[in-house]
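As structure tokens, the structure follows; a few thoughts come after it.
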Amino acid sequence: MGWDGPSSETQGTGTAVTTDADPSAPSTSSGAEATGDVDPSVGDASTTGEAPIDCTPAWTPAFVGSPCSSDADCPFEGGACITEAAGFPCGTCTVACDGLCPDQDGAPATFCVDASDVNVEGGGSCLSRCDPGIVGGNGCRDGYACAVFERFGDPPESTGVCVPTELAGGEAETACQQTLLELGAVFTATSHAPESPDGHPTLVCEIDDPVLLYGPIGSVALEDGGGNDGPVLVGCGTAVSIVGSAAVASMLGAEAIIHYGTYNCRTISGTSTLSEHGLARAIDIAGFVMQDGSTFTVLGDWEDGVADPLTPGGQMLRSFTDQVWGMGLWNIILTPEFNAAHDDHFHVDLTPGGNTYD
């Protein structure tokens, strides 16, 4: 495919929310004297020839995920410092939590993890979510990498948070996964046992380089038709194309992609041919939630048979399919123009040798 990544960084849009964190929870500081400021040069100098870790704050004012050397460097309600001595390069600010965490405008959103999962004492600790839009790169500060953890407490969920690189688990297993890392995607490599669609024992659903792709992608959420934002199971190459599609959606003013699913071990309706969904090389896109709160859906806003749409929704939807096609992100794009079965979604996939935009 012809896409090498977003042409510009998307900007994060933090929102203030309430928290049930306990501001009286014990400090995670190692007892270093309070300085009230963080020296960008405090990262350990390397004895192996590697560059020292850059401790420069990625956003201001300090919040969860900011560098710190003591609790005084985390001057927000309940703020405490997990210090470098605890294995967190340049330290990181946190808040105790039991399910939910606070957010702050201009800083990455946060997430409550089990402190023991990151080798810290205590119950729950708020960590910074991976946010390439604010931090760039992999969405984490220097010395940190994005890894998926389960929520501590309720509601049950898992997402990507910034942890010391050594805790994030090995490096990319494939060249494609390395591309995903460089694009700042939050994902975990997974496995998939081959299976067959009902009634078709000779067909086999297999996934090449399977990954679980998590949203948000940059500033764009991935939501299924029921409003859930859980990870999607796809082949790695499909994940790369979804990341590119999210970048296009963001440039067009979207904050969420509404989809009807990715992997589904089935045949194409009415045939004995295995669907690209059965190979995790497809996603059905039903619409978009825009940054102004409006929603454009394929069913409600696509202008059938109109080459130059007149409405804002029609123009956005047509611009999206035109751009992702022009960028070579997908080699099959089926819109409502193709047939009535696609009146409520765009089917996009990576059929080898495919070349259809209709």
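The values are calculated or read from the model by the stated rules, or taken from the named source; none is laboratory data. Predicted model, so just to flag it, every value in this text is computed and none were measured. Note that each Cβ is placed from the backbone with ideal geometry, even for glycine, and that neighbours are counted across all protein chains shown.
What are the residues in region 121-136 that are surrounded by fewer than 17 Cβ atoms within 10 Å (Cβ to Cβ) and closer than 26 Å to T60 by Cα, if any?
G136
Inside region 86-197, counting only strands (runs of 3 or more DSSP E) that do not spill past its ends, which hold 3 or more residues that are not assigned by TED's automatic domain parsing to the domain that holds L212?
By residue number, 92-94, 110-114, 124-128, 144-150, 158-164.
With region 223-340 as the region, which strands (runs of 3 or more DSSP E) entirely inside it contain at least 3 residues that are crowded, with 18+ Cβ neighbours inside 10 Å and under 26 Å from the mean Cα position of the chain (by Cα)?
Of the strands (runs of 3 or more DSSP E) lying wholly inside region 223-340, those with at least 3 residues that are crowded, with 18+ Cβ neighbours inside 10 Å and under 26 Å from the mean Cα position of the chain (by Cα) span 232-235, 254-259, 282-290, 332-334.
Could you tell me whether L299 is in contact with an Asp or Glu (Cβ under 8 Å, 6 or more places away or on another chain), in contact (Cβ under 8 Å) with a residue 24 or more places away in the chain and under 16 Å from I258 (Cα atoms)?
yes
For the subset of region 79-102 comprising residues that are out of contact with any Asp or Glu (no Cβ under 7 Å at 6 or more places or on another chain) and surrounded by fewer than 20 Cβ atoms within 10 Å (Cβ to Cβ), which member is farthest from E150 (Cα to Cα)?
A85
Assess whether V248 counts as being aliphatic (A, V, I, L, M), farther than 27 Å from T110 by Cβ, touching an Asp or Glu at 6+ places or on another chain (Cβ under 8 Å) and modelled with pLDDT of 95 or more.
Details: aliphatic (A, V, I, L, M): yes; farther than 27 Å from T110 by Cβ: yes; touching an Asp or Glu at 6+ places or on another chain (Cβ under 8 Å): no; modelled with pLDDT of 95 or more: yes.
Here the answer is no, as V248 does not meet what is asked.
So which of F149, F187 is surrounded by 16 or more Cβ atoms within 10 Å (Cβ to Cβ), closer than 27 Å to G237 by Cα and in contact (Cβ under 8 Å) with a residue 40 or more places away in the chain?
Within the list F149, F187, the selection yields F187.
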